[in-house]
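Worksheet: one structure, shown below.
Quick note: the coordinates plus some simple rules give every number you see, no bench work behind them. Model, not experiment: these values are computed from the prediction. For neighbour counting, all protein chains shown are included, and Cβ atoms are generated from backbone atoms with ideal geometry for every residue, glycine included.
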Amino acid sequence: MNLFDAVKLKEIPEPIISKAEKPVMLSDETMQERKAKLLAKMQSEKLDVMLIYGDLEHGSNFEYLTGFLPRFEEALLVVHKNGTAYLLLGNENLNKAGISRIKAKAVHVPYFSLPNQPMQGERSLIDCFKEAGIQKGMQLGVVGWKMFTSQFNDNTQLFDLPYYIVQALETLVGRKNLMNRCDLFIGAEGIRTINNANELAHYEFGSALASDGMLAAMNMLAAGVSEMELGQCLNRYGQRNSVVTIAAAGERFVKANLYPTDNQVKLGDKISLTVGYKGGLSSRSGYALYDETQLTVPYLDGIAKPYYYAVAAWLENIQLGMSGDAMYQKIEQVLPKHKYHWHLNPGHLCADEEWLSSPIFEGSAASLKSGMLLQIDIIPSVEGLGGASCESGIALADAALRNQLKQEYPALYETFMKRRAYISEVLGIHLHPEVLPMNDTVAYYRPLMLNKKLAFVKE
């Protein structure tokens, strides 16, 4: 028997939507816990100072401690091993120092301002760093947004901050005292890879919001509906997206365009939908068809069913203590790379950004831990066939964390249990107790996307 024969298209009820309506704010206790985790890492790594870079597109490590992204400009957070902190800010962010979630002294750095803004108060960048307490000979860990994993370079000496910042730091402390330590934030033992109950509740809002928008767009999908109308469904409440929203019918990226247009859905079109917010992303792809008799290519057996079987295997096997390599090998076993041509990590961590890092890769000894947020992210590609996608996220929570969620966020805990029941009882996918679906549509997949009743199940 073919493994994929277990995947069937059936008429099933769609998930009951819990509706993401009210964001959960990060508590003062959580923010102090985050700072304490950083200081502990600095002590163990014998670092005098951590310098954390941020801009609008590369600011999540900065935001992790300050609570805000530097709108318009670059910014730096300087944290000393004794806990003293400084915020180096340009003209338009200088007033944000007072709202930082950790106490920090403001240092005005006109270099960080937008082009052609006033440079009053200008002095050398080195002098700005000195005001922030950075001195010659200090051991300085630099954090941008990228943790390099090159096999050919010293990854601590690859820097993703603007050159003028690195150059000034090198002049001040010496190159041998300057290291990329983004790994302390997002690496296998990074402080951002594990979430407490408050953080899981905070991130669930964004994951659920993406899911709500995705189901609404799927239900709106019909011949004659434009990509922009679908995009309007996907984008919600004025929340900032973590990725470019995709609503594409037919061929994607015509004339290099990434964004929804007035192009209308036509019968037989390939469909691609993606939206993401803090905490998670939802993605679906398939064909604008009502039933498989309308297919002109072997889409279901050729890619969609094998892909869904892999998604089910991912969900049924993921558990605490599992190594990243074990999950990689499981996906390789059920969806061989040489045939289905997936190349990226089959799953990754997420947080404020869509892709934090990934413990799931060939040979990975990294262990999956309680408090991790993970996305199912398997991207097969078979020539001549449209894509298959049912990407969503889960949290891993041990008994202690589940009990904490139950006590502190009882309504959310009940929502987690309802989602687990739907996945098990309706979709036929059985989860380990520590797996908490972060939204209502985890594993809910309608590959023939004009048919609102037919979805995959595993029997």
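Would you please report the Å³ per residue occupied by the convex hull of the alpha carbon atoms in the chain?
Value for the chain: 154 Å³ per residue.
Determine the calculated [θ] at 222 nm for the chain from helices alone, applying -39500 (n - 2.57) to every DSSP H run no shorter than 4 residues and normalising by the residue count; nearest 500 deg cm²/dmol.
So the calculated ellipticity at 222 nm is -8500 deg cm²/dmol.
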How far is helix 399-408 tilted, in degrees, relative to the longest principal axis of the Cα atoms in the chain, given as a value from 0 to 90 rounded to the nearest 10?
-> 80
Percentage of Cα-Cα pair distances in segment 1-52 greater than 16 Å, rounded to whole percent?
-> 71
Give the Cα extents of segment 169-245 along the principal axes, in whole Å, largest first.
-> 62, 32, 21
Note the full-extension length gain between Lys136 and Ala6 as 0.36 nm times their separation in residues minus their Cα-Cα distance, in nm to one decimal.
-> 40.4 nm
Order of Met138, Met147, Met417 under a 10 Å beta carbon neighbour criterion, fewest first | Met417, Met138, Met147
For Gly280, enumerate residues with amide H under 5 Å from its amide H, sequence gap 5+ or separate chain, H modeled in the peptide plane.
-> Ser207
Any idea what the dipole of segment 366-459 comes to, in debye rounded to 20, about its Cα centre with Lys/Arg Cβ at +1 and Asp/Glu Cβ at -1?
-> 260
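Around Leu88, with a cut-off of 11 angstrom between Cβ atoms, what is the net charge of the other residues, counting Lys and Arg +1 and Asp and Glu -1? Let's see the in-between values first.
On the way: positive: Lys105; negative: Glu73, Glu74, Glu131.
So the environment of Leu88 carries a net charge of -2.
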Starting with the fewest neighbours, write out Val24, Val457, Val143 ranked by other beta-carbon atoms found within 10 Å of each beta-carbon.
-> Val24, Val457, Val143
Enter the mean projected area of the convex hull around the alpha-carbon atoms of segment 46-180, in nm², rounded to one decimal.
-> 8.0
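What's the magnitude of the charge dipole for the chain around its Cα centre, counting Lys and Arg as +1 and Asp and Glu as -1 at the beta-carbon? Answer in Debye, nearest 20.
600
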Apply the Karplus parameterisation 6.51 cos²θ - 1.76 cosθ + 1.60, with θ equal to phi minus 60°, to every residue of segment 14-19 and state each ³J(HN,Hα) to the nearest whole Hz, in sequence, with x for glycine and proline.
-> 6, x, 6, 7, 7, 6
Antiparallel as a % of all DSSP beta bridges within the chain, to the nearest 5?
-> 75
In terms of the Cα gyration tensor, with a ≥ b ≥ c the square roots of its eigenvalues, is segment 214-314 rounded because a/c is under 1.5, prolate because a/b exceeds b/c, or oblate?
-> oblate
Round to a whole angstrom and tell me the spacing of the C-alpha centers of segment 423-459 and segment 13-68.
-> 30
Hz values of 3J(HN,Hα) by residue in segment 290-301 - Karplus curve (6.51, -1.76, 1.60), Gly and Pro given as x = 9, 8, 6, 5, 7, 5, 9, 9, x, 5, 5, 6
Can you pull out the GluC sites (Glu not before Pro) in segment 35-88 that DSSP calls coil and that have at most 11 other Cβ atoms within 10 Å?
-> Glu57
Any chance you could run the full-extension gain for Val254 through Gln120? It's 0.36 nm times the residue separation minus the Cα-Cα distance, nm to one decimal.
-> 43.7 nm
Taking the Cα atoms only, what angle lies between the long axis of helix 163-173 and the longest principal axis of the chain, rounded to 10 degrees?
-> 40
Reciprocal mean inverse distance between Cα atoms of segment 362-459 - Kirkwood radius, Å | 15.3
Treat the count of other C-beta atoms within 10 Å as a stand-in for reagent exposure and order Lys266, Lys37 from fewest to most.
-> Lys266, Lys37
